[in-house]
1. Could you tell me the relative contact order of the chain? Use alpha-carbon pairs under 8 Å, at least six residues apart, and round to a whole percent.
2. Roughly how many debye, to the nearest 20, is the charge dipole of segment 217-279 about its Cα centre, given +1 on each Lys and Arg Cβ, -1 on each Asp and Glu Cβ, and no other charges?
3. Where nothing but the Cβ of Lys and Arg (+1) and of Asp and Glu (-1) is charged, how large is the charge dipole of the chain around its Cα centre, in debye to the nearest 20?
4. Taking the Cα atoms of segment 3-174 alone, what are Rg (to one decimal) and Dmax (as a whole number) in Å?
5. Would you calculate a helix-derived [θ] at 222 nm for the chain, using -39,500 (n - 2.57) for each DSSP H run of n ≥ 4 and dividing by the full residue count, to the nearest 500?
6. What's the whole-number percent of alpha carbon pairs in segment 207-263 lying beyond 17 angstrom?
7. Would you grab the residues whose amide H sits under 5 Å from the one on Leu223? Only those 5+ places off in sequence or on another chain, please, with H modelled 1.01 Å from N.
8. Which ³J(HN,Hα) values in Hz, rounded to whole numbers, follow from the phi angles of segment 366-377 under the Karplus curve 6.51 cos²θ - 1.76 cosθ + 1.60, where θ = phi - 60° and Gly and Pro get x?
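Every read-out reported here was derived from the displayed coordinates using simple, explicitly stated rules and does not represent laboratory data. Quick caveat: nothing in here was measured; it's all calculated off a predicted structure. Cβ placement follows ideal geometry from the backbone for every residue including glycine, while neighbour counts extend to all protein chains displayed.
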Amino acid sequence: MTETTAPASLTAASPELSLDLIITCADGLEAPLQTELTSFGIASEIKSTGRLAVTGTLRDLYSICLWSRVASRVLMLIKRKNINAEYDVAEQLYGLAKSVNWIEQFSLEQTFAIRLSVDKRVAVSQQFAMLRIKDAIADTFNEVYDSRPNVDSKNPDFSIFATVNDKQAELYLDLSGTSLHRRGYRVAMTEAPLKENLAAALLYSAGWHKKNEAGNAPFYNALIDPMCGSGTFIIEALLMHCDYAVGIDKAANQFGFYQWQHHDDALWQQIDDAQTRFREALAIANEQPDTLPLILGFDADSGAILATEKNLIAAGLQDLLPLLDLETRALDQLSTVLKPLVDDGRLSNPLIITNPPYGERLGDEEMIKPLYQAIGLILQDSFAGSGIDPMLGILASNVEQVDILPIKEPKTLRCHNGAITVYFRYGTLIAGQTGNLVSRFEKREIEVEEGQDFINRLQKTCLS
Ligand SMILES: C[S@@+](CC[C@H](N)C(=O)[O-])C[C@H]1O[C@@H](n2cnc3c(N)ncnc32)[C@H](O)[C@@H]1O
């Protein structure tokens, strides 16, 4: 039987000690989470759906809790043991939990809760198995203090997470303590908003976090969301640009590690400079507006633009509002806005990222497909003849919808927006032919006219 145990003597003096961490995320977001962790300088390995393994330090643990836009939870392995699923699994879980010195992890005064995930191949009552883990923890404390900490399943100080499959059982401490992906800025809603952690993940996939070659400016010089709804892409992109720590609100009291006996407050204080970093980044953006990528957010619905503005303010980005271009505009006006910006060089390396209406209802399918076609055509038209190959990333609820997009060597990420399975198709826009054709063949102009008419008609249909 093999056993793995967390380092026995984690102390405040051991910030560099190596911890076995599991970082969880929503299904499908493993690769973007890995990209994010790499951008933090943290190596990780994708273990399974929704789980990445990190061998990290306390500093890494604190950084992930405070800065990760994609992670859901940070769990630290406390003990792992092989089991034999043919014998009494609940008793083996009791034995595993009893072999941990819980007094080193939390105190008698703190409440705790246990969550258990049982693989379907294992025949054990989940309730009973949880009870036996709880008994083991209670017995450990009782043996020393003749008393035990209380269980609080709703709002515990300290959460323990156990997993068991037909070969292994594992015990983890939930050191994030709360779901990391929650943000507080969505005060105004539009229909079908994008989950904030999903928007951040898609921005990582498209490389919004990257710097230029010199490492002193963002890689992209613009972000365009032509159907911005309540503004989630725009807000997440700006928060990323301004180095905003999404865990800032939870830093007040919600992180699980505050309750942990080995929490190193001095180290945490060094890392927890998030407010200062955000303030400084906002000040730089305001004082040197050229350092801020051009942000264009459009929507055919004026209510959506209003919602975007309200949410930007709630996200603490109000100072940047005058620097952003947010307008009520339908898709058919997009190239009118983009072409002059392309001509004067302000869109030399843009990221176009958007989440068109999904079309979930019966009969929507036929209406939605031409919308994706129109997006491709309009963007090709906007950049035709410019020599610019913009990065395009578009979300759809049906992979065939994005198949129609003119993207070179496209990549597709399958993930979920709440209950809906969605596909994010991204890659470089295949350069537009329209400009060349128009200049070479007069007749093609009619084709362009027809194309525009078609788009106008489509607009009406899509918006009615
Ligand atoms: C799924 S929502 C976008 C949600 C957004 N990503 C968010 O997080 O709130 C799609 C948006 O596309 C807009 N829209 C639909 N057809 C449009 C068109 N032809 N031109 C511009 N916007 C359009 C809708 O008004 C809606 O706000």
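1. Reported relative contact order: 14 percent.
2. Rounded to the nearest 20 debye, it is 120 debye.
3. The dipole magnitude comes to about 600 debye.
4. 16.4, 48
5. -11000 deg cm²/dmol
6. 57 percent
7. Leu294, Ile295, Leu296, Leu351
8. 5, 6, 6, 4, x, 5, 5, 4, 5, 4, x, 5
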